[in-house]
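The values are calculated or read from the model by the stated rules, or taken from the named source; none is laboratory data. Everything numeric here is computed off the predicted structure, so don't read it as measured data. Cβ coordinates were reconstructed from backbone atoms using ideal geometry, including for glycine residues, and neighbour counts include every protein chain displayed. Just so you know, the surface numbers come from the protein's heavy atoms only, side chains and all, with ligands and any DNA or RNA stripped out. Shrake-Rupley method; radii C 1.70, N 1.55, O 1.52, S 1.80 Å.
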Amino acid sequence: MAYRIEKAHIRDLKRVKPFWKGMVRQIREVTGDDWPVRDPDESWQRRHQEYLTWLNDGAGVVFLAVADDGEAVGYAAVRFTVSGSAFD
């Protein structure tokens, strides 16, 4: 099966939601009660708002990995920030 990478738009964030929530559930499973991990729904609400902000102000971009049948199979989000103290 072939895949393509597409730049996501705000309307595409709904396709990202199951990946984010699945990741949070996995983190909760791995960490057990050792770390305070948010509920997947609450976590998504927070991340969704961050993604909206990043996309609207140009501070980030989201890419979708899409199969030939149009199904999203993964994603990557990038946030642009100023360089830190070590790199210019």
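Quick notes on this one:
- Accessible surface of the chain, 1.4 Å probe: 51 percent of it comes from carbon and sulfur atoms.
- Around the amide H of TYR75, modelled in the peptide plane, lie the amide H atoms of ALA65, all under 5 Å away and 5 or more residues distant in sequence or on another chain.
- Overall shape: oblate for the chain, with the ratio a/c of the largest to smallest alpha carbon gyration tensor axis at 1.5 or above and b/c at least equal to a/b.
- In the chain, taking the dipole from charged Cβ atoms about the Cα centre, the farthest positive-side position among ALA86, PRO40, ASN56 is held by ASN56.
- The string of couplings for the range 25-40 from the Karplus curve (6.51, -1.76, 1.60, θ = phi - 60°) is 4, 5, 4, 4, 5, 6, 7, x, 9, 6, 10, x, 9, 5, 4, x Hz, one whole number per residue in order, with x for Gly and Pro.
- The chain: calculated mean residue ellipticity at 222 nm from DSSP helix runs of at least 4, using -39500 (n - 2.57): -14500 deg cm²/dmol
- Surface listing: TYR75, TYR51 arranged by accessible area from highest to lowest gives TYR75, TYR51, probe 1.4 Å.
- Take TRP54: with every protein chain present and a 1.4 Å probe, its accessible area is about 40 Å².
- Using a probe of 1.4 Å on the protein chains alone, the accessible area found for ASP41 is around 80 Å².
- Accessible area of the chain divided out per residue, in Å², using a probe of 1.4 angstrom: 73 Å²
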